[in-house]
Amino acid sequence: MKKRFRLGTTSFIFPDHILPNVRKIGRFFDEIELLIFESMPDTVLPTDTEIAELAQLSGQMDVTYNIHLPTDVSLTHASARARQHAAETLARVIDLCRPLKPCTHTLHLEMAGHETPEDVTAWQQTAWDGLARLIRYLPDPGMVSVETLDYPPDYLLPLLAAHDLQVCLDVGHHFRYGYDLQHSVDMFKNRIAVMHLHGVMASGQKIRDHVGLDRLPLDQLCQVMDVLKTYEGTVSLEVFNRRDLNRSLAVLSDVFEQIPAPVPG
């Protein structure tokens, strides 16, 4: 079956910085998820020179980008001052990456707990405020996609609707935390800017995610393939080493055409 989605992976397949990874893997994929997890100190952010080279590689390799925004600041922090700092920081990173013309900027909205309906309501109010602070700096709210994390994806829908945001549907998180994947696909419909795809496995008493797709049970793998057969957005294989990447590519190649060959070392 011919794939209808754009296929990408992360900028940390090799234990190196973003640019060396893009140079090595960019020619294999439609898109690369640039991992900008940290914003502090300033020296951890890509420089203007590095951004210019990434833009050049985009043209040379016919590869596009999406940005994973920093997770060391929080729009859901209890402090309004901290939320404002987060909004300013995230806006600065978005502006830094503007020459790359990313398809989306993926954002975490962390939630400490959701034991009661009151907890959820309070969190949604705080998140609404944090998002409003960020959106003031953006030309288009739709350039941000909020990632599904450990709490029920339904909690995000009012926020996305209120601010006209997209969603990053993390498939692995759905399986890890026991949420219904097809329900989320139907619920978010045309808001899905990108899917994060990775395996989940039990290791003793711990659960590991961001491993190869070959680690998924058959029933979950079938759910993934059913969704991908009609999906036309970006799929990012969110793994962080070559072994898990190549195992995931092998799984996809059993169902879809035009899947890259294994990435060499």
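The values are calculated or read from the model by the stated rules, or taken from the named source; none is laboratory data. What you see is a predicted model; the values in this text were computed from it and never measured. Every residue, glycine among them, receives a Cβ derived from its backbone with ideal geometry; neighbour counts consider all protein chains shown. Accessible surface is based on the protein model in full, side chains and every heavy atom, while ligands, DNA and RNA are left aside. Shrake-Rupley method; radii C 1.70, N 1.55, O 1.52, S 1.80 Å.
Side notes on the structure shown:
- Test: Arg242 is under 19 Å from the mean Cα position of the chain (by Cα) and of a type in the set (Lys, Arg): yes
- The set of residues in segment 160-181 that are surrounded by fewer than 20 Cβ atoms within 10 Å (Cβ to Cβ) and closer than 16 Å to Arg133 by Cβ comprises Ala162, His163, Asp164.
- Scanning segment 161-220 for residues that are in a helix (DSSP H, G or I), at pLDDT 95 or above and of a type in the set (D, E, K, R) returns Arg176, Asp186, Arg191, Asp214, Arg215, Asp219.
- Segment 184-208, residues that are touching a residue at least 12 places away in the same chain (Cβ under 8 Å) and within 27 Å of Met143 (Cβ to Cβ): Ser184, Val185, Met187, Phe188, Arg191, Ile192, Ala193, Val194, Met195, His196, Leu197, His198
- Against the conditions (1) of a type in the set (S, T, N, Q); (2) touching an Asp or Glu at 6+ places or on another chain (Cβ under 9 Å); (3) surrounded by fewer than 15 Cβ atoms within 10 Å (Cβ to Cβ), Asn190 satisfies every one except (2).
- Sub-7 Å Cβ pairs linking a first residue in segment 209-237 that is within 18 Å of Thr106 (Cα to Cα) and of a type in the set (S, T, N, Q) to a second residue that is modelled with pLDDT of 95 or more and open to solvent by 30 Å² or more (accessible area, probe 1.4 Å), at least 6 apart or interchain, are Thr234/Arg6; Thr234/Cys103, ordered by first then second residue.
- Tally, over segment 204-242, of residues that are hydrophobic (A, V, I, L, M, F, W, C), surrounded by 17 or more Cβ atoms within 10 Å (Cβ to Cβ) and under 18 Å from Gly8 (Cα atoms): 9
- No other residue among Thr106, Thr49 is over 17 Å from the mean Cα position of the chain (by Cα) and either under 30 Å from Ala261 (Cα atoms) or among the β-branched types (Val, Ile, Thr) (or both) apart from Thr49.
- Total residues in segment 145-159, condition charged (D, E, K, R), in a helix (DSSP H, G or I) and buried (at least 19 other Cβ atoms within 10 Å of the Cβ): 0
- Scanning segment 248-265 for residues that are in contact (Cβ under 8 Å) with a residue 40 or more places away in the chain and open to solvent by 80 Å² or more (accessible area, probe 1.4 Å) yields Glu257, Gln258.
- Within segment 193-203, the residues that satisfy the criterion of being open to solvent by less than 10 Å² (accessible area, probe 1.4 Å) and in contact with a Ser or Thr (Cβ under 6 Å, 6 or more places away or on another chain) are Val194, His196.
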